[in-house]
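*Asks:* My questions will all concern the structure given below.
The values are calculated or read from the model by the stated rules, or taken from the named source; none is laboratory data. Note that the structure is predicted; figures quoted are calculated from it, not measured. So basically every Cβ, Gly included, is an ideal-geometry build from the backbone, and we count neighbours across all protein chains shown.
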Amino acid sequence: MILTEQSVGTQLSLSLYQRMLVIRRFEESALDLFSKGLITGSTHPCIGQEAISVGACSALKSTDLVLATYRGHGVALAKGVDAKIAMAELLTRETGCCKGRGGSMHLCDIACGLLGTNGIVAAHIPIAGGVALAAQLRRSGQVTACFFGDGAACEGEFFETMNMAALWKLPLVLICENNGWAISVPVSKSQSTPDIADRAKGFGMPGVTVDGNDVLAVREAVLSAAAAARQGEGPTLIECKTVRWERHSAFSSGKPVDPEAAQRWRKADPIPRFAQSLLDAGLSRAALDEAEREATEEVRQAVEFAVNSPLPDAASVHEGVFAPPDQPLGISGLKKRPGNGLAESF
Amino acid sequence: MILTEQSVGTQLSLSLYQRMLVIRRFEESALDLFSKGLITGSTHPCIGQEAISVGACSALKSTDLVLATYRGHGVALAKGVDAKIAMAELLTRETGCCKGRGGSMHLCDIACGLLGTNGIVAAHIPIAGGVALAAQLRRSGQVTACFFGDGAACEGEFFETMNMAALWKLPLVLICENNGWAISVPVSKSQSTPDIADRAKGFGMPGVTVDGNDVLAVREAVLSAAAAARQGEGPTLIECKTVRWERHSAFSSGKPVDPEAAQRWRKADPIPRFAQSLLDAGLSRAALDEAEREATEEVRQAVEFAVNSPLPDAASVHEGVFAPPDQPLGISGLKKRPGNGLAESF
Amino acid sequence: MMRKAINEAIGEHMRGNAETVLLGQDIGPYGGTFGVYGSLFEEFGPERVRDGPLCESSTVGFAIGLAMMGIRSIVELEFVDFAPLALDQIVNQAAKMHYFCGGQITLPMIVRTPIVSRIGMGPQHSQSLEAWFMHIPGLRVVIPSNAYDAKGLMNTALREPNPVIFLENAKLYSTQTEVPEEHYEIPFGKARTLREGSDATVVAISGTVPEALLAAQELWQDGVSVEVIDPRTLSPFDTEGIAASLRKTNRMLITHDAYQTCGVAAEISQRMMETAFDYLDAPIMRVTGLDVPVPSGPLHTAVVPDRARITAALRALLH
Amino acid sequence: MMRKAINEAIGEHMRGNAETVLLGQDIGPYGGTFGVYGSLFEEFGPERVRDGPLCESSTVGFAIGLAMMGIRSIVELEFVDFAPLALDQIVNQAAKMHYFCGGQITLPMIVRTPIVSRIGMGPQHSQSLEAWFMHIPGLRVVIPSNAYDAKGLMNTALREPNPVIFLENAKLYSTQTEVPEEHYEIPFGKARTLREGSDATVVAISGTVPEALLAAQELWQDGVSVEVIDPRTLSPFDTEGIAASLRKTNRMLITHDAYQTCGVAAEISQRMMETAFDYLDAPIMRVTGLDVPVPSGPLHTAVVPDRARITAALRALLH
Ligand SMILES: Cc1ncc(C[n+]2csc(CCOP(=O)(O)OP(=O)(O)O)c2C)c(N)n1
Ligand SMILES: Cc1ncc(C[n+]2csc(CCOP(=O)(O)OP(=O)(O)O)c2C)c(N)n1
Ligand SMILES: [Mg+2]
Ligand SMILES: [Mg+2]
């Protein structure tokens, strides 16, 4: 990856780098907290895939909307969700972004335009289509980005949505994080062609494949897809090829993955790779170290906040099944907090 | 369409022609019986689309398997189901191929390899995939052909099945009868590209578009797809462009279609068109008239048989919810009747 | 006519709420599978009355996305039999999202779908699946039996911030009841007594209501006084209203078109046992659809409850 | 271990039936989502243990196609929560096909799926949807609570010519019960009395069985004798066996993890009312999952029934 002043400024580069590190530290902490029993169920780290969420979200505006999967902590943090309330949600604390009801698979922070991470593979793809349709109907200029995996790209709703999005020219960017695996099933056993981007072509919409471990390549692809979407040209499918972390999740009940394969992600790790290109472009080691220190501190505080937050009261389990009659519709009317995302700062 | 001795013989031509007429008369009779209240619910004529079922089934062997939709009377008759038991089924008589439980949308005659017509749009596509997988596992050399509409080509299962069939190289021929409409929704409002065959390309499998009102063109396309399937080359999607009859079904509760559009199918009617090409190729008018007479008589007898058959006894409604423990698995072990299909006769 | 009543409620709402859209297939010029939308397409145009590709699951998914953004939509699923295709979206997304997002999102959306249990269209077009929806917390489940209720309940549904499943028996679309022109709302969770009586209560749902009223009429001629009550909404459910009737009559029969096993009748009966056990002079009876796939053709009439079966059961109940 | 018991039944069957195949995702080298398949992949290879793309609906569709051709398959759906995605195939195709084809086709197929109600994986991974399946005629619904039953019932399922839904509570996979090495079958439709008693009957299903047994044990120390009975299959259902217990104890409590409303408890209770009303000394009680989306984390324990809730309810029932 070649960094030029034209393509990207120093300030942005450091922000991207730091955000990738926040995500990395966040996920490492989550694994640690899971192993200590503080996270129930499971947690799905996006370690090794940080370049995708960071590159993509840096190409969006803060008013743009994103939806992702259970492996979406990176998307949440890149779109500006405060690490504190995200971590508190992983620990199902009352202070979490979903009041601790959602947990690791269900982060949602409408203030930042994160309209949910989802536990049902691919189900959020048509939902993202509907969000994009709302933006189109309102001529709001918002773009909706939807992140999902290679496994999701086998589910019918992915195709149904491409058909509708292409037909209606929706401002939708479909971002497939092809990390090579759906739990234990390799893409060679799940996809009829090597490139998932091919599917888009069958629907008459653009499909591109990018190196998902190159944060700037992802950024470029999303910038141009978002621009096209905003100009009324319709959806784009971006397949980001990446490498999954050691295994599917913190809790895996199946047979362990072969240890050598499990470490393959390190070779492609987008973080040292981006660091090297920043150094090559003339940034100082000190600047990078400072970014890293800040990232580490941000996550340390998040963990502290989460661990010290209360669990929901058991008596409250009945609350919130239905919205009260006077609650505003959808996400409208709900107050925005300032996010600390990458969006629009550039 | 140019008829040459190489492509097709006189005997075959007449058989194809007669079978198309049997289907036409059958559907006309069904409409008549519906209007007289003898068919309950609805019935979905394939008038104007006869070239597809006849062309396709003539390219299959009698041991090959077919699945179709509620608009599948043509497929049933072309695959060799006796018009009598088919018509009796439309009238939900005890003598029907499904003992009168299925009715117009559910013809099934395992003796002829008709593994069911289906009332849920697209649901039979993965089922056909499973049938094809069975043939592959057994190395039986059987091909499975699955007929469905342009509307069905929007449902997720269509895409899911293409992915699996291409991945596993299944001996499956997907035949999309694109008649321009899904009830009242035109393909321009349901498909993101003009050609449904495009979808196949996105999965890395061949997709071809043929004139669905040219019985020989359909035959050729299915012959080569079936040959490829038998050679282990995997599935093909064949999009047959055709024109729907007047309206979706005998019973339509929505607003009537504009009368002029409703008659459009007549201009493209595959039957007079094929008749003309047969005459051009030197067949005698008398031979065609004789084929028509036989077709009409076959259907007349079918109607007579059906109308005079008993309805099921109301007390039997509880019977057959579960198969008895000793019934053979699947369709195995069940006796074959000789069919009168087009298959293998050539 | 129930068809017209629902149309009126939706039309009036759309006139006052410029963002509401209709999603589905055959809802445009065709006017909806059973004609409920009449000329809404002509009035509101293709942007708001959006005929789309045939894909139930994603259509409901799109409705959820719109709802998240505060745009109310109504999805027509052509038959409730096709609801299974969209059930993941309805059950795993729509029903739970408000809860698992900690209340950040509400989902103003309606899934309308006909129950076609009394037309003889065969096993894949005759089911009555309301029990499935009632089983799932987070859904409002509405099931009117006449035009008046349908309009008032639809008006209420159109103000709900929560997902509503609106189940319409196709057989009832053309039944005549008086429907006021003006706007009125019927609160969810209030049963309606359609006929007062003192000897037994019939709880009837959807397509069975006219049959129950006929049965009550028939028994009246024999000097037996039967109360007929329609819950109108299954979620919320008016347990107290139904129990009050039972406390008066001490005998109850529940009837619906759906399969018997794990149908709504069992739930209602159990709620009666829990609230009014001491008032029961006899076991609560059910007269429901048989536990068989509904066959095509005339044989289907052997499956759904009719006046004769209800009358006979009531006689046994009162015996 | 229930995990091992199911594995043994399937492995033995596959050794004797060269055509049977396994379909699903993560069933190959991984050994199944919860490890039930162990090393079946190593033994039978990729043609028979077929890891495939993630598409639940078509996977079940493929199983139906195989079954039509006489090839039995077992589909693993990773959680029962994902069953809605495949429900059209299960309900509109598999359950009805034998009937609407006039008996021409049988469908030897099994859909296995874990219920994960007791692990705290959140709203989309904690449901217990057996009532939906029990509602649909044409399906066999099996729901074992221990390893012994699981093996015997799976052996029976593997001889069925009809579609079987096999529901396994993930919490029970590693519970220890003695399981014979040799082949044995447990007929469908026969409840099992896990503990005899005379003061009250607890009907417990799946994940609640161990809790019910603990509750019975606790009450025993107080001199109360509680019978615990497990229906084992919901379809067919042993109404008579359960009623026999009720006639002996005159009091009944039904417990399951699933949502309460329209859950299986209501159906069982209604059947008791229909068959043994006069034996009831008190209304039948239910202790079930709450009617809320199951929250993630420790809060989920407030949702599913535990020993304490069952014990408290039994005390109230006996009061
Ligand atoms: C509909 C559905 N099926 C199955 C699962 C179980 N499951 C959770 S994650 C996963 C793998 C998905 O793979 P992919 O889409 O590639 O995403 P990744 O985990 O690699 O990020 C599966 C099968 C699920 N959650 N939802
Ligand atoms: C899953 C499902 N959705 C909706 C319907 C209602 N429906 C019956 S036929 C039909 C149109 C299908 O169009 P197409 O696939 O083009 O077939 P055609 O009728 O034109 O032969 C629809 C929407 C159905 N039967 N199944
Ligand atoms: Mg993946
Ligand atoms: Mg069509």
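*Asks:* So for the range D:289-308 (the condition being crowded, with 17+ Cβ neighbours inside 10 Å, touching a His at 6+ places or on another chain (Cβ under 8 Å), at negative phi and not in a loop (DSSP other than H, G, I, E, B)), does at least one residue qualify?
*Replies:* The answer is yes, given that some residue of the range D:289-308 is crowded, with 17+ Cβ neighbours inside 10 Å, touching a His at 6+ places or on another chain (Cβ under 8 Å), at negative phi and not in a loop (DSSP other than H, G, I, E, B).
*Asks:* So, B:VAL218, is that one more than 8 Å from chain A (Cβ to nearest Cβ), away from ligand 2 (no atom under 16 Å from the Cβ) and surrounded by 23 or more Cβ atoms within 10 Å (Cβ to Cβ) or not? Lay out the reasoning, then the answer.
*Replies:* On the way: more than 8 Å from chain A (Cβ to nearest Cβ): yes; away from ligand 2 (no atom under 16 Å from the Cβ): no; surrounded by 23 or more Cβ atoms within 10 Å (Cβ to Cβ): yes.
Spelling it out, it is not the case that B:VAL218 is more than 8 Å from chain A (Cβ to nearest Cβ), away from ligand 2 (no atom under 16 Å from the Cβ) and surrounded by 23 or more Cβ atoms within 10 Å (Cβ to Cβ).
*Asks:* Sort through A:ILE120, A:ILE110, A:ILE127, A:ILE85 and tell me the only one that's within 20 Å of A:ASN308 (Cβ to Cβ) and in the same structural domain as A:VAL215 (by TED's automatic domain parsing).
*Replies:* Sole residue among the options that is within 20 Å of A:ASN308 (Cβ to Cβ) and in the same structural domain as A:VAL215 (by TED's automatic domain parsing): A:ILE85.
*Asks:* Sort through D:ALA95, D:ALA9 and tell me the only one that's modelled with pLDDT of 95 or more, within 30 Å of C:LEU299 (Cα to Cα) and more than 7 Å from chain B (Cβ to nearest Cβ).
*Replies:* D:ALA95
*Asks:* Identify, please: which residue in the range D:48-75 is among the polar types (S, T, N, Q) and closer than 10 Å to B:GLU160 by Cα and is, among those, nearest to the other protein chains (Cβ to nearest Cβ)? Steps first, please.
*Replies:* Here is the first cut: in the range D:48-75, the ones among the polar types (S, T, N, Q) are D:57-59, D:73.
Okay, now just the ones that are also closer than 10 Å to B:GLU160 by Cα, so D:57-59.
Values: D:SER57: 6, D:SER58: 4, D:THR59: 8 Å.
Out of the qualifying residues, it is D:SER58.
*Asks:* Which is within 14 Å of chain A (Cβ to nearest Cβ), crowded, with 19+ Cβ neighbours inside 10 Å, within 16 Å of ligand 2 (Cβ to nearest atom) and at pLDDT 95 or above, of C:VAL164, C:VAL116, C:VAL111, C:VAL141?
*Replies:* C:VAL111
*Asks:* Taking the criterion of being under 27 Å from C:GLN127 (Cα atoms), free of Cβ contacts under 8 Å to residues at least 40 places away in the same chain, touching a Ser or Thr at 6+ places or on another chain (Cβ under 7 Å) and buried (at least 22 other Cβ atoms within 10 Å of the Cβ), would at least one residue in the range D:20-42 satisfy it?
*Replies:* no
*Asks:* Take the range D:266-283 and flag every residue that is out of contact with any Cys (no Cβ under 8 Å at 6 or more places or on another chain), within 7 Å of chain C (Cβ to nearest Cβ) and outside any loop (DSSP other than H, G, I, E, B).
*Replies:* Residues satisfying the conditions are D:SER269, D:GLN270, D:MET273, D:GLU274, D:PHE277.
*Asks:* Another question about this same structure. Across the range D:153-183, what is the number of residues that are acidic (Asp, Glu) and within 16 Å of D:SER117 (Cα to Cα)?
*Replies:* Qualifying residue count, the range D:153-183: 1.
*Asks:* Does the range C:235-251 contain any residue that is crowded, with 23+ Cβ neighbours inside 10 Å, outside the structural domain of C:PRO283 (by TED's automatic domain parsing) and more than 30 Å from B:GLY41 (Cβ to Cβ)?
*Replies:* No, because not a single residue in the range C:235-251 is crowded, with 23+ Cβ neighbours inside 10 Å, outside the structural domain of C:PRO283 (by TED's automatic domain parsing) and more than 30 Å from B:GLY41 (Cβ to Cβ).
*Asks:* While we're looking at this one, here's another question. Within 16 Å of ligand 2 (Cβ to nearest atom) and among the small types (Gly, Ala, Ser) - does that describe any residue in the range A:169-187? Steps first, answer last, please.
*Replies:* Pass one, the range A:169-187, residues within 16 Å of ligand 2 (Cβ to nearest atom): none.
Scanning the range A:169-187, I find no residue that is within 16 Å of ligand 2 (Cβ to nearest atom) and among the small types (Gly, Ala, Ser), so the answer is no.
*Asks:* Please go through the range D:64-80 and give me each residue that is within 16 Å of ligand 1 (Cβ to nearest atom) and outside any loop (DSSP other than H, G, I, E, B), ordered by number.
*Replies:* If the condition is that a residue be within 16 Å of ligand 1 (Cβ to nearest atom) and outside any loop (DSSP other than H, G, I, E, B), then D:VAL75, D:GLU76, D:VAL80 are the ones that fit.
*Asks:* Which count do you get for residues in the range B:280-307 that are over 24 Å from the mean Cα position of the chain (by Cα) and either surrounded by 14 or more Cβ atoms within 10 Å (Cβ to Cβ) or not assigned by TED's automatic domain parsing to the domain that holds B:SER29 (or both)?
*Replies:* 3
Per-residue answers, yes or no, for (1) touching a Cys at 6+ places or on another chain (Cβ under 8 Å); (2) without any contact (Cβ under 8 Å) to a residue 40 or more places away in the chain; (3) not in a loop (DSSP other than H, G, I, E, B):
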site: D:VAL141; (1), (2), (3): no, no, yes
site: D:SER174; (1), (2), (3): no, no, no
site: D:PRO180; (1), (2), (3): no, yes, no
site: D:HIS183; (1), (2), (3): no, no, no
site: D:PRO187; (1), (2), (3): no, yes, no
site: D:SER198; (1), (2), (3): no, no, no
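*Asks:* Here's a follow-up. Take the residues in the range A:136-171 that are farther than 19 Å from A:LYS189 by Cα and among the aromatic types (Phe, Trp, Tyr); name whichever of them is nearest to ligand 4 (Cβ to nearest atom).
*Replies:* A:TRP168
*Asks:* Can you list the helices (runs of 4 or more DSSP H) lying wholly within the range A:215-308 that have 1 or more residues being in contact (Cβ under 8 Å) with a residue 12 or more places away in the chain and closer than 29 Å to A:LYS61 by Cα?
*Replies:* Qualifying helices (runs of 4 or more DSSP H): A:215-230, A:264-268, A:270-280, A:285-307.
*Asks:* Does the range C:13-27 hold any residues that are among the small types (Gly, Ala, Ser) and under 23 Å from C:MET121 (Cβ atoms), and which are they?
*Replies:* C:GLY24
*Asks:* Filter the range B:172-188 down to the residues that are within 16 Å of ligand 4 (Cβ to nearest atom) and touching a helix residue (DSSP H, G or I) at 6+ places or on another chain (Cβ under 8 Å) and list them by number.
*Replies:* B:LEU174, B:ILE175, B:CYS176, B:GLU177, B:ASN178, B:GLY180, B:TRP181, B:ALA182
*Asks:* Can you name the number of the only condition in (1) away from ligand 2 (no atom under 16 Å from the Cβ); (2) free of Cβ contacts under 8 Å to residues at least 24 places away in the same chain; (3) within 14 Å of chain B (Cβ to nearest Cβ) that A:LEU137 fails?
*Replies:* With (1) away from ligand 2 (no atom under 16 Å from the Cβ); (2) free of Cβ contacts under 8 Å to residues at least 24 places away in the same chain; (3) within 14 Å of chain B (Cβ to nearest Cβ) applied to A:LEU137, the lone miss is (3).
*Asks:* Here's another thing I want to ask about it. Go through the range A:147-185 and give me each residue that's hydrophobic (A, V, I, L, M, F, W, C) and near ligand 1 (Cβ under 10 Å from one of its atoms).
*Replies:* A:PHE147, A:PHE148, A:ALA152, A:ALA153, A:CYS154, A:PHE158, A:CYS176, A:TRP181, A:ALA182, A:ILE183, A:VAL185
*Asks:* Further, regarding this structure: Only one residue in A:LEU38, A:LEU67, A:LEU90, A:LEU33 is within 26 Å of A:GLY151 (Cα to Cα), out of contact with any strand residue (DSSP E or B) (no Cβ under 6 Å at 6 or more places or on another chain), aliphatic (A, V, I, L, M) and away from ligand 4 (no atom under 16 Å from the Cβ). Which one?
*Replies:* A:LEU90
*Asks:* Filter the range A:118-131 down to residues that are part of a helix (DSSP H, G or I) and either within 16 Å of ligand 3 (Cβ to nearest atom) or basic (Lys, Arg) (or both), then give me how many there are.
*Replies:* At the first step, the residues of the range A:118-131 found to be part of a helix (DSSP H, G or I) are A:124-131.
Among the residues that remain, those that are also either within 16 Å of ligand 3 (Cβ to nearest atom) or basic (Lys, Arg) (or both) are: A:124-125.
The qualifying residues number 2.
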